[in-house]
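Here's the structure, in structure tokens; my notes come after.
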Amino acid sequence: MRVGILCGGGPAPGINSVISAATIEARNSGWDVVGILDGFEHLIAGDASQTLPLNIADVSRIHQTGGSILFTSRANPTVRDESAADPEWRLHTALKTLTELRVDALVTVGGDDTSYGAAQLAHAARASGSSLRVAHVPKTIDNDLPLPAGMPTFGFQTARHVGTALVSNLMTDAMTTKRWYFVVAMGRSAGHLALGIAKASGATIAVIGEEFPPGEVRLSHVVDILETSVLKRIAHGRPFGVAIIAEGLSLRFSQEDLLQVAPEVERDTYGNVRLAEVHLHRVLGDVVARRLKERGRKTSIVAKNIGYELRCAPPIPFDIAYTRDLGYGAVEYLRRAIESGEDEPGAMITIQEDHMVPLPFDALTDPATGKTRVRQVDLTSNSYRVSREYMIRLEPEDLTDPLRLDPIAAAANVTPDELRSRFGYLVGDEGAR
């Protein structure tokens, strides 16, 4: 038997640990192991030469390292080519290349896009009569996959840990130099990472997409939240701070606002906006600084993006232990499936209460949209409530209690009534009265 391992999508701390555990368990089971380089990229091209034989000696110590020894890519085997005789030639070529490599079982490591590609490959294998089995290990530092039992996606805990250290340093710098930092953190569809970093580091404020009603979010609304947070800090005699903003807010903007933060929007092969090219932090910093200058307040705001610094960090012990379970579990699932001859061609591997539990590929899919469901921050949870309580942002009492309202109005260089009229919508009817 031969098992192949590949990685797709963006990096996440713990990928090498999955590779290590899967290789060791497969070798101990008497299987051959081949690492497939650059995700699906070469499989789609029909190139069987871009592989790396894996032995226990090759992987025994990589579990503590960041990155991926097999590299990764966003090559998409499910892209249809309607002009071709076979619109799904990419998928079928990938399957043919795996057959050429004599791969009987495949472990894929990646996010929801890679999961979809793995699922379609498994179904194509079954339809063609191939005996290929596929085990997918879900990963994303965004923590936005709705894994059972509230388990985080691997890499999230390390990303939060590293991000917290970076933001803690920025907090000290902000206090020392009397400036603000506007920091954008990764989180395409959910604000778990931005909120987690802000909470752990004691950042001044976090702004995440879940806090807004469904539908479009106006850039001006986000700016108003940040501006009033700065004004409140000035009123408290502390003209400095750090704001953490979830990058996915950009995807909620109107087309007009999105063009303001990203005049030339690029997309990857899965159709996703390349959020790293959306300079949300710079635009927010520039607009807020300009507004404050108009109020007679000269404020230094430094824009930062801490996405790439987190993805290839060495995993912390939580993620090392977690990913070793996942890598072992992937091979255990494949071995059981092959030995039992079960009909299901593949599954997603999860750990629930310290047990490996395979889930059907569509277990996390929303039947209405056909896309992977998103685990968003629960605003009713105690965890969010605690995070919110420690933020410095405009509250209803700030607009109803003169002892709180007057200093903020003075910082904004407006009357209390003008401040209440201008920003009352941020806190609801209580503040607007």
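Computed quantities for the displayed model
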{"read-out": "Unique residue being closer than 18 Å to residue 320 by Cα and either in a helix (DSSP H, G or I) or not charged (D, E, K, R) (or both) when the list is 52, 91, 98, 70", "value": "70"}
{"read-out": "Some residue of the stretch 330-338 being among the aromatic types (Phe, Trp, Tyr) and surrounded by 16 or more Cβ atoms within 10 Å (Cβ to Cβ)", "value": "yes"}
{"read-out": "Test: residue 81 is closer than 24 Å to residue 130 by Cβ, in a loop (DSSP other than H, G, I, E, B), open to solvent by 50 Å² or more (accessible area, probe 1.4 Å) and without any contact (Cβ under 8 Å) to a residue 12 or more places away in the chain", "value": "no"}
{"read-out": "Any hit, the stretch 343-361, residues being of a type in the set (Asp, Glu) and either crowded, with 17+ Cβ neighbours inside 10 Å or in a helix (DSSP H, G or I) (or both)", "value": "no"}
{"read-out": "Test: residue in the stretch 374-382 that is open to solvent by 90 Å² or more (accessible area, probe 1.4 Å) and free of Cβ contacts under 8 Å to residues at least 24 places away in the same chain", "value": "yes"}
{"read-out": "Matching residues in the stretch 101-136 - criterion: being outside any helix (DSSP H, G or I), in contact with a Ser or Thr (Cβ under 7 Å, 6 or more places away or on another chain) and among the β-branched types (Val, Ile, Thr)", "value": "108, 134"}
{"read-out": "Qualifying residues in the stretch 55-67 (those that are assigned to a loop (DSSP other than H, G, I, E, B) and open to solvent by less than 50 Å² (accessible area, probe 1.4 Å)) - the one farthest from residue 4 (Cα to Cα)", "value": "66"}
{"read-out": "Any hit, the stretch 163-181, residues being among the hydroxyl-bearing types (Ser, Thr, Tyr), touching a helix residue (DSSP H, G or I) at 6+ places or on another chain (Cβ under 9 Å) and not in a strand (DSSP E or B)", "value": "yes"}
{"read-out": "Test: residue in the stretch 3-11 that is within 26 Å of residue 140 (Cβ to Cβ) and open to solvent by 30 Å² or more (accessible area, probe 1.4 Å)", "value": "no"}
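The values are calculated or read from the model by the stated rules, or taken from the named source; none is laboratory data. Since this is a predicted model, take the numbers as computed values, not measurements. Quick reminder, even Gly has a Cβ in these numbers, built from the backbone with ideal geometry, and neighbours come from all protein chains shown. What goes into the accessible areas is simple: the full protein's heavy atoms, side chains included, and nothing from ligands, DNA or RNA. Shrake-Rupley method; radii C 1.70, N 1.55, O 1.52, S 1.80 Å.
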